[in-house]
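Asker: Got a structure here, written out as structure tokens. Questions coming.
Rule-based calculations on the coordinates, nothing more; no lab input. Predicted model only: the values in this text are computed from it and were never measured. Neighbour counts run over all protein chains shown; Cβ positions are idealised from the backbone, glycine included.
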Amino acid sequence: MSAILKYVKFPPILYLVIVAPLVLVAACATRLPSTSPPTGAETSDSTTRAERLPSAAPTSPQMHEPQRVEKAVARAAAKTGKKPATKTPAPVASEQHFDEPKATVKTRPRIPPPPPLPPEQNGQVSRICQRVAKKLASISLDDCLSLALRPAKYYTANKQPIVVREFPPMSNRKPLGRVLLIGGTHADELTSISSVFKWMHKLKRYHTGMFHWRITPLLNPDGLLVNKPTRTNANGIDLNRNLPTPEWQQLSRDYWVKTTGRDPRRYPGPAPGSEPETQWLVEEIERFRPDIIVSVHAPHGIVDYDAIDRRSAPRRIGILHRDFLGTFPGSLGNYAGVHKGIPVVTLEMPHAYVMPSSQQVTHMWVDLVYWLQRNVPKIKMAKTELNGQALSYPTLDN
């Protein structure tokens, strides 16, 4: 090229149009990396440079900064032969399964195991767990047996035990209050039973003593343990219309005849508290003296609240939104919430036969405990001021 330019005379404008672009292309070509495979020396030099400067290694444009750091640490670890330290990610809120959503105790004391049952009672619990596991697809036999349920003193019309489990106060803290949790009042609402079983397992694993719990997952075993589960008990009586509310005889009869049209699924019974299940519930409320009652039903997909003062009613519990269904003669909300002054939170699952997802079950549990944590102390304070005396915490023997 230089020889040609020596003998050929170009006008100055041609240098700008032809020669200058050629010189620019040649200069750029000398700076472009070779596409041919590198020699051994080149490979060794580039590897050494990458090891010295891990952050200078080529990365993808889509790679985020944490990925660059992780890859750089991995390359440095490969050179030194040491395993890089890993950090366990913090659990998200939906993974907190315990009765204290934010654990404040580093070493959580273990729940003392309940005393062993006599052989006869142990056999009763085993038999009812076997039958429940056959009815509920989401609850296995081990799920039921591992909860160490105990039979109450009352038995149903078909001689089935009402099984209960207590999660008592812990030695290292005073509970915020007592909570009575009830499932399976209407036995054809299967999700109300399974959900309580699921929450009991969370308490079994994570109970911190924030609350003193008393739980029956299945108040109406006779209604469940038949070919087709029923709302009523073995005597054909709706247990949630059989509690002894004021003027029960007249009001319950009017409601059943005029409002329901003598619906057999809502028959209140011949007398208030005529059924062994409601007799146990009345006695349990008197003995345990809960600060609040949580009753699980289906399938309205709402959270109801029966109390003298409804201003603190939960607006939402997980997937359940607030809606007031009203009180009825002989219902638990009427008996405890209105006339006994014990607030009743009713959780209505969205479906009677279709369980919520595991995440939804956990979400409802965490929201429920948060609401209890915020409101039970206020409820107790109001009750103490009303009664003029503080409440004690007895230890139940059954």
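Asker: How much length would be gained if the chain were fully extended between R127 and K258, taking 0.36 nm per residue of separation minus their Cα-Cα distance, in nm to one decimal?
Answerer: Stretched fully, the R127-K258 segment lengthens by 43.0 nm.
Asker: Related question: Using the Cβ atoms and a cut-off under 12 Å, what net charge is assigned to the surroundings of L141, where Lys and Arg are +1 and Asp and Glu are -1?
Answerer: So the surrounding residues net to +2.
Asker: How far apart, in nm, are two points set 7 Å out from the Cα along the Cα-to-Cβ line at V354 and at H321?
Answerer: 1.8
Asker: Another question, if that's okay. How are the alpha carbon pair distances in segment 147-387 distributed across 5 Å bins from zero to the largest one, expressed in percent?
Answerer: For segment 147-387, the pair-distance distribution reads 1, 6, 14, 19, 21, 19, 12, 6, 2, 0, 0.
Asker: Also, quick follow-up: Take every DSSP beta bridge whose two residues both sit in segment 147-387, then give the antiparallel share in percent to the nearest 5.
Answerer: That works out to approximately 45 percent antiparallel.
Asker: Of G209, G318, P299, whose Cα points farthest to the positive end of the dipole of segment 147-387 (charges on the beta-carbon: +1 Lys, Arg; -1 Asp, Glu; origin at the Cα centre)?
Answerer: Going by the charge dipole, the pick is G209.
Asker: Quick one: which of K174/K204; K202/K340; K174/K383; K204/K340 span more than 23 angstrom between C-alpha atoms?
Answerer: The pairs that break the limit, which is 23 Å between Cα atoms, are K202/K340; K204/K340.
Asker: Here's another thing I want to ask about it. Of N334, Y370, F197, which is farthest on the positive side of the dipole of segment 147-387, counting Cα position, with +1 on Lys and Arg Cβ, -1 on Asp and Glu Cβ, and the Cα centre as origin?
Answerer: Farthest towards the positive pole: Y370.
Asker: If the chain between Y154 and E166 were fully stretched, how many nm would it gain, using 0.36 nm times the residue separation less the Cα-Cα distance?
Answerer: 2.7 nm
Asker: Would any residue of segment 253-272 have its amide N under 15 Å from a label point 7 Å out along Cα→Cβ of H339? List them or say none.
Answerer: 253-255, 268-272
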